[in-house]
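This report concerns only the one structure given below.
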Amino acid sequence: MNYFGRFWRRSCSLQEDLVLLAPLALTAIITVLAFATPSNLHFSRFLSLAPAFAASVWPVVRTVAIGVLAAALNVVIAVAIGNPSEEHTYLITLAVIAGATAAAAYASHVRQQREQTLADVRSVAETTQKVLLRPMPHRLGRLDTEALYLAAAAQARVGGDFYEALATAHGVRLIIGDVRGKGLPAVGAASAIVSCFREAAYDEPDLARLARRLDRRMSRYTALLPDDQIEYFATALLAEIPDDGSTVEIVNCGHPPPLLFRAGAVRELTPTAPSPPVNMGALLGEDYRIDTVPFATEDQLLLYTDGVTETRDHTGALFPLVQHATHWDADSPSRLLEQLHRDLVHYSRGRLDDDIAAIAVRATATTATAGA
């Protein structure tokens, strides 16, 4: 994942540098053409494009400066190659450059104000994400852990998908889920579930009781929402991996089944019986089924949201996760998520239309301090 982050940052930095140089490059090209072509073509008239273009990428002072430069170049061109009978043409060009510069300066000012507003919104979104999706510890109990989160709205940075992992007296407990809904209410519902999990995971003796507690917390949260938002619910998957055992217990509340990687084989852990999604217990009954699966040393578990399996290619075909997973050579959680990320980006041609969250855990032979 760090590779993708570094590559993306380098690409963005290069693109930004090229864009910032574009107004100067445009000015230089127009000036060269004005000197290299017959004077009756009047290429200098296009110098007014420079401040107009600069307004989209430069601050006000620089935008005005390039307008002044364009005006000065227009005078130089008029003196150097201009025909006295065409003096009025250069004067009109000078007036157009002055008007374009004034308009561009105002446009640059408005753009900067909007960029500041967007920066403030991003700051709030990033703070929300840090509260809702705290960094995953690389080590919990006897598990190596890693997490991946991709928001469909790149500028939003946070969506309705959520996850958490905690080392408790019962073992390492994990949750991953997806709130069915959009906008800030969905983020609020995800926050309500995660905050409840962070408290209840230490107290509840088993995953079934933990799931019931999450359901009731979600019910109380949605009861406070306006009538047009009371339909919010979430799919979720709860997992518990004891420090002193070699099994994993799973409660699947309507969520995509996790994948178990063992000795080069991949197995989809479908539930033996369905459990109701979070906030659907009152309607469907609070019958939560716990499935127990062997989880030996070197085994890996991949938990993910439906943004993974609902990723589509250019033909509309869904991402075949199990088919791709059988070809991964993943010896660690970070490597597993790198390959998942790579395949998703390649399959969708870079167009990820839904939020994506994933957790990968690997069983090791030794137990470490939580959060190490």
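Every number in this text was worked out from the coordinates using simple rules, so none of it is lab data. Owing to the predicted nature of the structure, the values given are computational and were not obtained by experimental measurement. Please note: Cβ atoms are built from the backbone with ideal geometry, for glycine as well, and neighbour counts cover all protein chains shown.
For the peptides 66-74, 259-267, the ranking by packing is 66-74, 259-267, with the highest mean count of neighbouring Cβ atoms within 10 Å listed first. A full extension of the chain between Glu310 and Ala102 corresponds to an added length of 70.0 nm, given 0.36 nm per residue minus the alpha carbon distance.
Computed extension gain for Arg342 through Asp203, at 0.36 nm per residue and net of the alpha carbon distance, reaches 46.2 nm. Here the extension length gained between His138 and Val110 equals 5.7 nm, from 0.36 nm per residue of separation less the Cα-Cα distance. Rounded to the nearest 20 debye, the dipole size of the stretch 136-363 about its Cα centre is 260 debye, using +1 on the Cβ of Lys and Arg and -1 on the Cβ of Asp and Glu.
Site pair Val32 and Ala169 shows an inter-label distance of 7.6 nm when each label is modelled 7 Å from Cα along Cα→Cβ. Rounded to 0.05, the FRET efficiency of the Asp287 and Arg349 pair, given R0 = 45 Å and the Cβ-Cβ distance, is 0.60.
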